[in-house]
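J.: Let me give you the structure first, and then I'll get to my questions.
The values are calculated or read from the model by the stated rules, or taken from the named source; none is laboratory data. Here the structure is a predicted model, which means the values were calculated and not measured. When we count neighbours, we look across all protein chains shown, and the Cβ atoms used for this are built from the backbone with ideal geometry, even at glycine.
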Amino acid sequence: MALKIFVNLPAHDLDASKAFYTALGATINPDFTDENAACVVWTDDIYFMILKPEFMATFSAKPIADPHESAQVAVALMLDSREEVDAKADLAVANGGAAPRDPEDYGFMYQRSCEDPSGNILEFGWMDPRAAEVGPEAYMAEQGA
């Protein structure tokens with residue numbers, strides 16, 4: 001079974017959000033973009049739908065959280081190296097995002113937390129492939145930690 005992931009996120013300013021995500025290397029699919037929403041394409045299988053909160057509210061009877069006020073979800077995007085994590089997080093901050101926390105280094109995994117212009121949480125991370133294969137405890141034991 002092939003899965004595609006669509007993450008729906010509220011965006012108060014679609015133009016600022018589109019500029020932010022394209023600066024990070026994503027593209028916008030114009031076929032699914034209008035004055036209420038934009039389709040952010042990361043890969044052939046990973047998409048963000050950034051939606052004006054009032055439009056997003058049409059999909060749920062629950063109130064839409066304001067990501068500047070509360071955390072509903074944190075989306076983690078894993079990259080190929082620590083250097084890529086730093087480059088992507090730095091690019092996020094330089095293009096209207098924020099870095100609310102210091103980088104976290106666990107030895108086998110490194111991550112940086114960012115927020116998009118609407119306050120949605122993005123985590124950019126890297127994990128040593130060996131740790132992903134054997135698990136963090138076994139990896140750390142192999143490293144003598």
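One line per residue, one yes/no per condition, for (1) at pLDDT below 95; (2) more than 17 Å from Lys4 (Cβ to Cβ); (3) of a type in the set (A, V, I, L, M, F, W, C):
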| position | (1), (2), (3) |
| --- | --- |
| Val41 | no, no, yes |
| Lys52 | no, yes, no |
| Ala57 | no, yes, yes |
| Pro67 | yes, yes, no |
| Val75 | no, no, yes |
| Glu83 | no, yes, no |
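J.: Within region 62-77, does at least one residue satisfy the condition of being of a type in the set (A, V, I, L, M), assigned to a helix (DSSP H, G or I), surrounded by 14 or more Cβ atoms within 10 Å (Cβ to Cβ) and touching a residue at least 24 places away in the same chain (Cβ under 8 Å)? Let's see the steps before the verdict.
T.: Initially, region 62-77 is screened for residues of a type in the set (A, V, I, L, M), giving 64-65, 71, 73-77.
Then drop every residue that is not assigned to a helix (DSSP H, G or I), which leaves none.
No - not one qualifying residue is present in region 62-77.
J.: Further question: Out of Ile46, Ile64, Ile121, Ile50, report the one residue that is farther than 23 Å from Leu24 by Cβ, touching a strand residue (DSSP E or B) at 6+ places or on another chain (Cβ under 7 Å) and not small (Gly, Ala, Ser). Talk me through it step by step, then tell me what you get.
T.: Details: Ile46 fails: farther than 23 Å from Leu24 by Cβ; Ile121 fails: farther than 23 Å from Leu24 by Cβ; Ile50 fails: farther than 23 Å from Leu24 by Cβ.
So the residue among Ile46, Ile64, Ile121, Ile50 that is farther than 23 Å from Leu24 by Cβ, touching a strand residue (DSSP E or B) at 6+ places or on another chain (Cβ under 7 Å) and not small (Gly, Ala, Ser) is Ile64.
J.: When the residues of region 89-120 are narrowed to those that are surrounded by 19 or more Cβ atoms within 10 Å (Cβ to Cβ) and in contact (Cβ under 8 Å) with a residue 40 or more places away in the chain, which ends up nearest to His12 (Cα to Cα)? Explain how you work it out, then say what you get.
T.: Step one: filter region 89-120 for residues surrounded by 19 or more Cβ atoms within 10 Å (Cβ to Cβ), giving 89, 92, 97, 108, 110-120.
Of the ones still in play, those that are also in contact (Cβ under 8 Å) with a residue 40 or more places away in the chain are 92, 97, 115-120.
Values: Ala92: 17, Gly97: 13, Glu115: 13, Asp116: 11, Pro117: 8, Ser118: 6, Gly119: 9, Asn120: 11 Å.
Across region 89-120, the extreme among qualifying residues is Ser118.
J.: Looking only at region 1-36, which residues are of a type in the set (Ser, Thr, Tyr) and closer than 20 Å to Ala74 by Cα?
T.: Going residue by residue through region 1-36, those that are of a type in the set (Ser, Thr, Tyr) are 17, 21-22, 27, 33.
Ser17, Tyr21, Thr22 - these are the residues of region 1-36 that are of a type in the set (Ser, Thr, Tyr) and closer than 20 Å to Ala74 by Cα.
J.: Is it true that some residue in region 82-98 is part of a loop (DSSP other than H, G, I, E, B), among the acidic types (Asp, Glu) and under 26 Å from Ala141 (Cα atoms)? It would help to see each step written out before you state the result.
T.: Step one: of region 82-98, the residues part of a loop (DSSP other than H, G, I, E, B) are 95-97.
After this cut, where a residue has to be among the acidic types (Asp, Glu) as well, the list is none.
There is no residue in region 82-98 that is part of a loop (DSSP other than H, G, I, E, B), among the acidic types (Asp, Glu) and under 26 Å from Ala141 (Cα atoms).
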